[in-house]
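The block underneath contains the structure these notes are about, expressed in structure tokens.
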Ligand SMILES: Cc1ncc(COP(=O)(O)O)c(C=O)c1O
């Protein structure tokens, strides 16, 4: 057998391009590079992640001070592990989340026997994604009673932020805890401290921060901030249920670095936000429609490529030919993530390529009709644990899904296990995979 080392070579070749995708270091942070040769394990000099007594304990204590949270626990398993940890405190209870939540919320709930109900939000008419949860909508659901926790995603993948202060007030009225999935906004509390939409640390009982998305932190580096009255031991015990016993130390060390960097360089993040806002205006001036998220996450731009007659995928191809890589390109949505590690030359290069595209007549987006919530026939847990069969995705409509399927990114479920597959979901499934697992009955 001939070993091509295809993955090794592909990863090794990374860097050297203009990155508008995660991770936040953009391959330009020498301190991150220095960790490449520091792979190690849990020895007395490095500490134990789930029973910290040394450098990890100290780094987490400092991070708690920086974030202003009661407790902070590091995760080398991304925000996914933080979500699993937070939800483990609600095992067997009832929870509420937006349907557009990250797939890990759905999966962890199924594993933990949490009865998870969805809130179906309004949809943005131009871009087709779900709009942020409002306090009114949260109240409409929480007033039915019986929920122990609400999971809200803010900012969402496209940078829109929810009114967290308003949602927290509603949660308090109904004695319901609040988990804020702040994965895309780890930096926001440092730029907009006290802001009712952007200071998640202030409003959540648990706050999930996927640091690697926006800070100079290696992929997989995240922190769980906890404001509830729980001890570090209690939180770590839950994290250990799901986390590897061999966490990556370069990733953990990069969290320590990233938190320190954020603390020292909040001003650079603020300035980058200003540069991104100025760039958005210039991109608008050359004809593109850009999502207005002036009250949201300020280090990302969502550009509507249909406004100049191109699909996002076509635009991505043009950008990649110039060595520029976005976070995602789907239909009319071209999403770009910025960080202070993107120099002015990166922004200029992007603008130059977008300006040079010969503008075509705008394409009207397909009307985004509001999705009819699918019928839930059985719980996700029962469906996942049922006997299953494989059917062609194209003909799966009407069957009960035995899997929760999401495209990553953005990791939002097209279908959740236990739901009857709609015609619309079957068409999306078919465009991604030939077969789908359904409940065999
Ligand atoms: C809103 C949201 N939450 C959680 C996650 C999971 O983050 P991670 O990849 O760090 O596990 C993602 C990943 O894209 C996300 O978009």
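The values are calculated or read from the model by the stated rules, or taken from the named source; none is laboratory data. In this text the structure is predicted, and so the values were computed from the model without any measurement. Heads up, the Cβs are rebuilt from the backbone with ideal geometry, glycines too, and the neighbour counts pull from every protein chain shown.
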>> So residue 19 passes all but one of these: (1) part of a strand (DSSP E or B); (2) farther than 20 Å from residue 339 by Cβ. Which condition number does it fail?
In response: (2)
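To keep it simple, each residue is scored yes or no on (1) within 16 Å of the ligand (Cβ to nearest atom); (2) in a helix (DSSP H, G or I).
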{"site": "3", "(1), (2)": "no, no"}
{"site": "23", "(1), (2)": "yes, no"}
{"site": "32", "(1), (2)": "no, yes"}
{"site": "39", "(1), (2)": "no, no"}
{"site": "44", "(1), (2)": "no, no"}
{"site": "47", "(1), (2)": "no, no"}
{"site": "53", "(1), (2)": "no, no"}
{"site": "59", "(1), (2)": "no, yes"}
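Only helices (runs of 4 or more DSSP H) wholly contained in segment 140-247 count here; list those with 3 or more residues that are in contact (Cβ under 8 Å) with a residue 60 or more places away in the chain. Outline the logic, then answer.
Details: elements: 164-173, 188-191, 200-203, 232-242.
Of the helices (runs of 4 or more DSSP H) lying wholly inside segment 140-247, those with at least 3 residues that are in contact (Cβ under 8 Å) with a residue 60 or more places away in the chain span 188-191, 232-242.
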> Taking segment 62-84 only, how many residues are closer than 26 Å to residue 412 by Cβ and in a helix (DSSP H, G or I)?
Replying inline: 7
>> at pLDDT below 95, farther than 26 Å from residue 71 by Cα and within 24 Å of the chain's Cα centre (by Cα): is that true of residue 304 in this structure?
In response: no
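Name the one entry in 61, 28 that is more than 30 Å from residue 158 (Cβ to Cβ) and either touching a strand residue (DSSP E or B) at 6+ places or on another chain (Cβ under 9 Å) or surrounded by 13 or more Cβ atoms within 10 Å (Cβ to Cβ) (or both). So that I can check it myself, show each step before the final result.
Numbers: 28 fails: more than 30 Å from residue 158 (Cβ to Cβ).
It is 61.
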> Looking at (1) crowded, with 23+ Cβ neighbours inside 10 Å; (2) away from the ligand (no atom under 16 Å from the Cβ); (3) outside any loop (DSSP other than H, G, I, E, B); (4) in contact (Cβ under 8 Å) with a residue 40 or more places away in the chain, which is the only condition residue 424 fails?
Replying inline: (1)
>> Against the conditions (1) surrounded by fewer than 19 Cβ atoms within 10 Å (Cβ to Cβ); (2) part of a helix (DSSP H, G or I), where does residue 364 fall short? Just the number, please.
In response: (2)
> Just to be sure, is residue 71 surrounded by 20 or more Cβ atoms within 10 Å (Cβ to Cβ), more than 15 Å from the ligand (Cβ to nearest atom) and more than 20 Å from the chain's Cα centre (by Cα)?
Replying inline: yes
> Pick from segment 208-230 the residues that are touching a strand residue (DSSP E or B) at 6+ places or on another chain (Cβ under 8 Å) and more than 29 Å from residue 30 (Cα to Cα): which of them is surrounded by the most Cβ atoms within 10 Å (Cβ to Cβ)?
Replying inline: 226
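Going by the conditions given, is residue 128 on the phi > 0 side of the Ramachandran plot and either surrounded by fewer than 24 Cβ atoms within 10 Å (Cβ to Cβ) or touching a strand residue (DSSP E or B) at 6+ places or on another chain (Cβ under 9 Å) (or both)?
Values: on the phi > 0 side of the Ramachandran plot: yes; either surrounded by fewer than 24 Cβ atoms within 10 Å (Cβ to Cβ) or touching a strand residue (DSSP E or B) at 6+ places or on another chain (Cβ under 9 Å) (or both): yes.
When the stated conditions are applied, residue 128 passes them.
Taking the stated definitions as given, is residue 279 within 21 Å of residue 355 (Cα to Cα), in a helix (DSSP H, G or I) and touching a residue at least 60 places away in the same chain (Cβ under 8 Å)?
Values: within 21 Å of residue 355 (Cα to Cα): yes; in a helix (DSSP H, G or I): yes; touching a residue at least 60 places away in the same chain (Cβ under 8 Å): yes.
Yes, satisfied.
For residue 87, are the conditions met, namely being assigned to a loop (DSSP other than H, G, I, E, B), at pLDDT 95 or above and within 15 Å of the ligand (Cβ to nearest atom)? Explain how you work it out, then say what you get.
On the way: assigned to a loop (DSSP other than H, G, I, E, B): no; at pLDDT 95 or above: yes; within 15 Å of the ligand (Cβ to nearest atom): yes.
No; evaluated as a whole, the condition is false for this residue.
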> How many residues are within 17 Å of residue 97 (Cα to Cα) and either buried (at least 23 other Cβ atoms within 10 Å of the Cβ) or in contact with a strand residue (DSSP E or B) (Cβ under 6 Å, 6 or more places away or on another chain) (or both) if we restrict to segment 406-421?
Replying inline: 10
>> What are the pairs with Cβ atoms under 9 angstrom where one residue, in segment 102-121, is farther than 18 Å from residue 411 by Cβ and in contact (Cβ under 8 Å) with a residue 60 or more places away in the chain and the other, located anywhere, is within 16 Å of the ligand (Cβ to nearest atom) and assigned to a strand (DSSP E or B)? Sequence gap at least six, or different chains.
In response: 115/95
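Do we have residue 410 as within 16 Å of the ligand (Cβ to nearest atom) and part of a loop (DSSP other than H, G, I, E, B) here?
Values: within 16 Å of the ligand (Cβ to nearest atom): yes; part of a loop (DSSP other than H, G, I, E, B): yes.
Criteria met by residue 410.
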